[in-house]
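*Asks:* Handing you this structure, nothing more for now.
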Amino acid sequence: MLDYNVPGGKLNRGLSVVDSYMLLRQGTEVDDEDFYLACVLGWCVEWLQASALVLDDITDNAYTRRDNLCWYKLPTVGMSAINDGVLLKCHVQAIIKRYFKEKFYFLDLMELWNEIGLQTAMGQMLDLITTHTGAKDLARYRIQGYRRIVKYKTSYYSFYLPVACALLLNGARLGDYVELKNVLIEMGVYFQIQDDYLDCFGDPEVIGKVGTDIEDYKCSWLIVQAMELADENELKILYENYGKSDPACVAAVKNVYKELDLQVKNVPFSAGQIHFLQLQIKMP
């Protein structure tokens, strides 16, 4: 189960712990033990990511993940994947206790992980609740609600957590880095917008999964933008076809997206702003 679910991705979240830590330690010598501990926390983030994906694929009725069948889709697994998802998350607490119990920042580290775990679960809850709400009235899909979902479901664990781990390893107080946290949250929003785009327009052979946001009635960035920009006829098409698994309905929704030029319009940040965000994450 571990071999199937933990490795196999791009490992960006785990590598962000190590890269951030090495940036913070520039100008000072990093011994093998310190580097090893950064790698341990990096793998903890990947364990959490694996847990989130296993459980999220079940709730989304997804089919493929990382060029393979979703874990729960394997005939020998099925709904026992729910327990596997919980087990993956529990591993993190055990690993942190094993390697960091004697460290002066142990309590801060545990509090960070507990907080992120709660925030991520709340984000998943918001996603599911909003989907049920949107199924009753698509007009309720607005950018404010979308940002709230993404902030809690994606940004905290994908962008803030790796850097926060690196800061604690370096002896920093997280309360001194509130502005950095805000920047990382915005980067997470941008990342999720990209993911929403790829879910719709990405090649499954390249991204490793078949997107189902349209069929699942998801409050994605694309549908939020479409509801803002669509004319009366386009809105009618969206209302009639969004949230249906019929390939013809999915194609009709995608066609509206294309008519609205959502592939190229309304990018939330300019290239200059993205460069600025990238610089901010390197700040000590």
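*Asks:* Residues with amide H under 5 Å of N68's amide H, sequence separation 5 or more or different chain, H placed in the peptide plane at 1.01 Å from N; which?
*Replies:* none
*Asks:* Right, here's the next one. Residues of region 43-63 with the amide nitrogen closer than 15 Å to a label point 7 Å from the Cα of A94, along Cα-to-Cβ, please.
*Replies:* 44, 47-48, 51
*Asks:* With a 1.4 Å probe and all protein chains kept in place, how much accessible area does F159 have, in Å² rounded to the nearest 10?
*Replies:* Taking all protein chains as shown, F159 has close to 50 Å².
*Asks:* When all protein chains stay in place, what accessible area (Å², nearest 10, 1.4 Å probe) is found for R65?
*Replies:* The accessible area of R65 comes to roughly 50 Å².
*Asks:* On to the next question. For region 1-108, with every protein chain kept in place, what is the accessible area per residue (1.4 Å probe, Å²)? The partial results should precede the final answer.
*Replies:* Values: 6070 Å² over 108 residues.
It amounts to 56 Å² per residue over region 1-108.
*Asks:* What share of Cα pairs, in percent, lie more than 21 angstrom apart in region 1-119?
*Replies:* Values: 3050 of 7021 pairs.
Looking at region 1-119, the distances longer than 21 Å represent 43 percent of pairs.
*Asks:* Fully extended, how many nm does the chain gain between D261 and E102 (0.36 nm per residue separation, minus their Cα-Cα distance)? Can you show the working numbers first?
*Replies:* Numbers: separation 159, 0.36 × 159 = 57.24 nm, distance 5.49 nm.
Length gained, D261 through E102: 51.8 nm.
*Asks:* On to the next question. If you average 1/r over every pair of different alpha-carbon atoms in region 74-189 and take one over that average, what Kirkwood value in Å do you get? Could the numbers behind the result be given before it?
*Replies:* Working: mean 1/r = 0.0619 Å⁻¹.
For region 74-189, inverting the mean 1/r across all distinct Cα pairs yields 16.2 Å.
*Asks:* If ligands, DNA and RNA are left out, what is the accessible area of T59 with a 1.4 Å probe, given in Å² to the nearest 10?
*Replies:* So the heavy atoms of T59 present about 70 Å² to solvent.
*Asks:* Under 16 Å between alpha carbons, and skipping anything fewer than 8 positions from K181 in its own chain: which lysines qualify?
*Replies:* Partners within reach: K151, K153, K282.
*Asks:* What are the semi-axes of the equivalent ellipsoid of region 66-136, taken as the square roots of 5 times the eigenvalues of the Cα gyration tensor, listed largest first and rounded to whole Å? Mind dumping the intermediate values first?
*Replies:* On the way: eigenvalues 177, 86, 14 Å².
With the √(5λ) rule applied to region 66-136, the semi-axes are 30, 21, 8 Å.
*Asks:* Pairs K10/K209; K209/K254; K10/K97; K73/K209; K73/K258; K10/K244: which are spaced more than 24 Å apart, C-alpha to C-alpha?
*Replies:* Numbers: K10/K209 14 Å; K209/K254 17 Å; K10/K97 26 Å; K73/K209 13 Å; K73/K258 32 Å; K10/K244 31 Å.
With Cα atoms farther than 24 Å apart: K10/K97; K73/K258; K10/K244.
*Asks:* Which whole-angstrom value gives the distance between the alpha carbon centres of region 62-94 and region 227-242?
*Replies:* Taking the Cα centre of each part, region 62-94 and region 227-242 sit 36 Å apart.
*Asks:* Give the ranking of S80, S245 by solvent-accessible surface, highest area first, calculated with a 1.4 Å probe.
*Replies:* Values: S80 60, S245 95 Å².
So, going from the largest accessible area down, we get S245, S80.
*Asks:* Could you check how many percent of all C-alpha pairs in region 164-243 are farther apart than 19 Å? Before the final figure, lay out the partial values.
*Replies:* Details: 1756 of 3160 pairs.
Value for region 164-243: 56 percent of Cα pairs lie more than 19 Å apart.
*Asks:* Of D199, D32, which has the most accessible area and how do the rest follow, probe 1.4 Å?
*Replies:* Values: D199 20, D32 130 Å².
The ranking, largest first, comes out as D32, D199.
*Asks:* In region 43-132, which GluC sites (Glu not before Pro) are in a loop and have at most 10 other Cβ atoms within 10 Å, using DSSP for the loop call? Let's see the in-between values first.
*Replies:* Working: sites: E46, E102, E111, E115; in loops: E102.
Counting only loop positions with at most 10 other Cβ atoms within 10 Å, the GluC sites (Glu not before Pro) in region 43-132 are E102.
The values are calculated or read from the model by the stated rules, or taken from the named source; none is laboratory data. Computed from a predicted structure; not experimentally measured. Every residue, glycine as well, gets a Cβ built from its backbone with ideal geometry; the counts of neighbours run over all protein chains shown. Calculation scope for accessible area: heavy atoms of the full protein, side chains included, ligands and nucleic acids excluded. Shrake-Rupley method; radii C 1.70, N 1.55, O 1.52, S 1.80 Å.
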